[in-house]
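Trainee: Structure below; questions to follow.
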């Protein structure tokens, strides 16, 4: 999906996330199909491509003193502290929503409507 790939290129270019974390996340097919976005050095993954993005996938933040914190999906939830990007990616993948597929082209509201329409059929 071109828009998702463009998102990955954009987060690489913005320099907010450690390159080794981006490499590990991109190498994981289940995360590579999601739309990446960054904030405060954090790497987030969205099930849709347009802002406000979804907040139902854990995300990774740099930890003070090194390593990474896996958080979320909500800001007040801590999954754990790890030392390597691969460990952080594995923690996120273990907690992906069961219906997590390729990113939906659109907003969270459009994704929700699409999901409702497929259930109603």
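Trainee: Which of 4, 17 has the fewest other C-beta atoms within 10 Å, and how do the rest follow up to the most?
Mentor: Result, fewest neighbours first: 4, 17.
Trainee: Taking other Cβ within 10 Å of each residue's Cβ, how do 117, 98, 46 sort, fewest first?
Mentor: By the 10 Å Cβ count, ascending: 98, 117, 46.
Trainee: Right, another one. Take residue 87 and residue 12, extend 7 Å from each Cα along the Cα→Cβ direction, and tell me the distance between the two endpoints in nm.
Mentor: 2.7
Trainee: Of the listed values (1) 24, 16, 12; (2) 36, 21, 11; (3) 41, 25, 10, grab the one calculated as semi-axes √(5λ) of the Cα gyration tensor in Å from the structure here.
Mentor: (1)
Trainee: Can you sort 60, 70 from fewest to most other Cβ atoms within 10 Å of each residue's own Cβ?
Mentor: 70, 60
Just so you know, all these numbers are worked out from the coordinates, no wet-lab data involved. Small disclaimer: the values here were computed from a predicted structure and weren't measured. Cβ atoms come from the backbone with ideal geometry, glycine included; neighbour counts cover every protein chain shown.
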